[in-house]
1. Scan segment B:208-223 and tell me whether some residue there is closer than 30 Å to residue B:310 by Cα, under 35 Å from the mean Cα position of the chain (by Cα) and assigned to a strand (DSSP E or B).
2. Return the total of residues in segment B:312-338 being away from chain A (no Cβ under 12 Å) and either part of a strand (DSSP E or B) or more than 26 Å from the chain's Cα centre (by Cα) (or both).
3. Exactly one of (1) away from chain B (no Cβ under 14 Å); (2) assigned to a loop (DSSP other than H, G, I, E, B); (3) surrounded by 15 or more Cβ atoms within 10 Å (Cβ to Cβ) is unmet by residue A:669. Its number?
4. So, residue B:267, is that one in contact (Cβ under 8 Å) with a residue 40 or more places away in the chain and within 23 Å of residue B:517 (Cα to Cα) or not?
5. Quick one: residue B:270 ticks every box in (1) away from chain A (no Cβ under 14 Å); (2) part of a loop (DSSP other than H, G, I, E, B) except a single one, so which number is it?
6. Restrict the check to segment B:657-664 and report whether at least one residue is modelled with pLDDT of 90 or more, within 14 Å of another protein chain (Cβ to nearest Cβ) and surrounded by fewer than 20 Cβ atoms within 10 Å (Cβ to Cβ).
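The values are calculated or read from the model by the stated rules, or taken from the named source; none is laboratory data. What you are looking at is a predicted structure, and each value in this text was computed from that prediction instead of being measured. When we count neighbours, we look across all protein chains shown, and the Cβ atoms used for this are built from the backbone with ideal geometry, even at glycine.
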């Protein structure tokens, strides 16, 4: 925080600490060394500010964090501090704790935990009531949150502003056109006959692989040219008024080959490529039409209604959906066929399932090897370093966690690739899919994997014989791993949010780039581009904390304050980042929420099941009374998805039917969907209209 | 058949044998004693004839019967007569059949069955291939049939004729109107804002309980009056030109109380009731508006699109669906609320599940008691009758089956009531729901219940320990019950189709009614009203035969010819009945098919599982190779429902977008949905328009 206060006050760092405000053309705020000012700003910002600065998706993310905060605070009051639970635990002297959950340093707190209550003691009733309370209030919170997010989405969708994607639908799986008709004519006549009044025009998706390649080459040369011109200009110093014309080699990687004058060479190449691009554009538009199209409607209701209706008799032809924003379209996925998408989906599911199962093995090995004792045996040369007490303490506490975190950071990219390979047509959907996969991965591997850890392998036979015993096994192994997860959560918010707020790594990278690489204004802008919040990993990471805190709340209550700090700090830091740093790369109008909702419920069910197991381990006679809870959670999930979910799939007509500020400029709507590589001034519009 | 030929030739029986033609205003055909003529007619009728005489639903039913015929023929060729299977069974002399499946009378045929092949003989490979063949060809047939039915449905839906239900949608779960607005205004403004061009008008559903009661009373008196007038007219014979004015008592059931002149009394009552009805109509329209409405659109596409779009943000408000035909609306269910419908649905499911489980007990008892020996013990007075050989033989063969059939005939009414209690808004949907329940009932109780029968109770402990053993148990008990099901199928087509074709019971009832009860023309017409085909019981009954024939095809191949006769005879007889007798009471455009499709697949899966078990009993080493088949069936079911099902839920827009013969008379469309009790000439239309 100190670093942040110090660094952010320097004007030359503005582009690192206020990029969102700069890009929006706002001033960068009062620069003061007062370390509280950013906190005040974050606290005073309203939800509307967030939406206007960072979009509905970010606002939804804060709804999630708020729910997390309330949930953890509630855990304290519901389970630990609740007047009835405290005396219940503290005054029970029937058990002497032998394997304390916190390495003997937090004896006082351990007295609050359920471990302190005797086997099959009637005092456990208090915990049963506590678990019920937590569950019921979670339902209430989730219900309120879902309703609130639904309102946010509706407000955004019925805004009188014109948003191009609200006038557009995406049609896939168009059958082959009949003899003597082009794809374009086929699509036009099909939709014109169904929507004679509201159909505006169509844009057939084309295979842009070739034209993209040429366009990228062209852009590359253009960039090179500006850079070379910049360098040339700068070399014209007083001492050398002619300047040095920059040169480069044209061979492999610029290392060998003939030496040429860069400016001349680039100009030559550009002049060569422009007609080639234009020719390729024409060919693409005429001959490379694929089996999908974007359809533009002149009214919002018509598009919203067309995006959710069944058009053809066979569901695998003319499949429609609401178009995503132009910037988040994944063009290469648009033309995959129905069955290809289905098959890809299931193949990806299988791959992900295999990944989840087999990642467990390296994680298990890591947690076995990264104890300090083992490391010293394996790598004797680190012994002298380890003997220093400070380093030793830090390593002992954090080594396995650091290993785990590094290991996990490799995964999201893989999962994102897999999600895109499913054939998902929009970036935001791919992010949601990745986030879901990552959640199951972390919960199954990190939480359950680490917890069961070595015990699992020794007792795998037992599990095979009695599959139900996995829950009681999990419950029995939980206490032993409390310390691990405590440090895990602490590390996450100390290091994680510290790095997040101070932005040391982007700062260093920016300054290095500025010094050594960036030649032009565009280069600089690229160097400080802040990116977006990265929901694909952020949401499941938070979800893992929710799961850990929930499941350990009764066993090792010490984890609850850590959880509160995590969510409160996260809320504060990210509010600052959302307002000032990150620039959203898409807007999905809160479609992330149903996923978050389901996963919080999944965490709750896991909590309920572990509690069931833990009370079973305590030989509490009335444990079966807790069986009602997972069932109640499933019913709740079912009702929520029935009531709310469809509106997150489609736009409700009453929302789309609100009046607009002005009638839309349909030509502009159409143009905004033309891919960059096809939209040059040279290609005449009429021709473009044909595809 | 002889009875039919003889009776149907008499002109006075026309109304029993040709009611559908009479009601359609067609001549009743050539009356000839040639017993072949009706067969010729049935055979020569095309699918279009069926559709024009009896609707798409009937045509779909024939698609089903045809599939059944092909399926059974295929079984013969695929399993029994297939060149490779015959020699395989016949030439295997390793087994001496001790418990033959056909009571020792069909030894020759038994040699064709799988029981004749030795334990774990490699010859069983031939059967594995046979089972695969049957499965694959079933998939092929079902795929073709689904496609064909989908075509039938599309053709019907895009007909240029005006069908009122295609311009109407049903809206339920309308929230309470805002202060100072009537329900009608609320609905109108809501839909007018979304569909400014195509919205025609709305009709709020009202609580017609009161008005219905008065209207029925009134109609009763009107009927009584016509009858009395008729009697009075007839009593004016030559001998008594004044006639006898009919009288009746107005007390309980017309048995006590004051004697009055019927004509006068009825006229008095009618005059009394008419103003009461009118007043009640006004009150109903004004004050008893409920939370659902019918919305009329001026275009078919608009209605089809509105019927499948999400209108409100919360899915539990403003829920829409395509309106069913006016004649099949179940008015009392229209205003049930979302959650009420959900809860009712699950409550009904639980009740049905309990019914299925506990009906097993009486059926078990019946099959134990209805052996002749037991009956003689219990009812000694039937001994003399039983001693006659003919009766004895018949009773021995058919007694348990008759008991079963009678027992089962009580069930459909109960299931229909339960289905309507679910809150289903249309008659055809209720029929489908009933048919589904009845299918699971018959398969679970009749087929599995009877097969396992007594064995189950003795081995229930074993099943508890190894739940998987139920399949092998089923397979092991199958052979013993082959005779029972053989006679069951035979009885079904001999007695069932005999009664069906000859219509002896409706004929007798009609003649009795005509002689003793019917006084007026309307009475007569009511007496010969033929009703519809009754899919609720007919479809699951046929499905049971499919299941039985499939599952026994390998074990007791004698059942296959019986199956063929059943379906072929059924096809022939019902084609006659559909063309000449039954009048469809609704048209759902083939929406029964997805249900039939799923259930045929369920029967196929059961077949595959029993074969798995039976080959297991035969200790065939490669049995696990059959595990692929149930999985393949599930994948096939999934693909079919993905590809075809949505069109059976909603009207595809390309279908609804076809041009109409003429623009619809919207006033007529609106009038056709007004319930009878509210549609008198006296209520002025404008007022009616308000609700």
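1. So the first thing to find is which residues in segment B:208-223 are closer than 30 Å to residue B:310 by Cα, and the list is B:208.
With the extra rule that they be under 35 Å from the mean Cα position of the chain (by Cα), the set shrinks to B:208.
Applying the additional criterion that residues be assigned to a strand (DSSP E or B) yields none.
No, segment B:208-223 contains no residue that is closer than 30 Å to residue B:310 by Cα, under 35 Å from the mean Cα position of the chain (by Cα) and assigned to a strand (DSSP E or B).
2. Qualifying residue count for the region: 3.
3. Every condition holds for residue A:669 apart from (2).
4. Values: in contact (Cβ under 8 Å) with a residue 40 or more places away in the chain: yes; within 23 Å of residue B:517 (Cα to Cα): yes.
The answer is yes for residue B:267.
5. (2)
6. So the first thing to find is which residues in segment B:657-664 are modelled with pLDDT of 90 or more, and the list is none.
The answer is no, given that none of the residues of segment B:657-664 is modelled with pLDDT of 90 or more, within 14 Å of another protein chain (Cβ to nearest Cβ) and surrounded by fewer than 20 Cβ atoms within 10 Å (Cβ to Cβ).
This table checks each residue for (1) without any contact (Cβ under 8 Å) to a residue 40 or more places away in the chain; (2) away from chain A (no Cβ under 14 Å).
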position: B:183; (1), (2): no, yes
position: B:191; (1), (2): no, no
position: B:201; (1), (2): no, yes
position: B:215; (1), (2): no, yes
position: B:220; (1), (2): yes, yes
position: B:231; (1), (2): no, yes
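Quick grid of which residues meet (1) at pLDDT below 85; (2) within 12 Å of chain B (Cβ to nearest Cβ); (3) over 30 Å from residue B:658 (Cα atoms); (4) surrounded by 18 or more Cβ atoms within 10 Å (Cβ to Cβ):
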| site | (1), (2), (3), (4) |
| --- | --- |
| A:294 | no, no, no, yes |
| A:302 | no, yes, no, yes |
| A:310 | no, yes, no, yes |
| A:340 | no, no, yes, no |
| A:343 | no, yes, yes, no |
| A:347 | no, no, yes, no |
| A:350 | no, no, yes, no |
| A:357 | yes, no, yes, no |
| A:360 | yes, no, yes, yes |
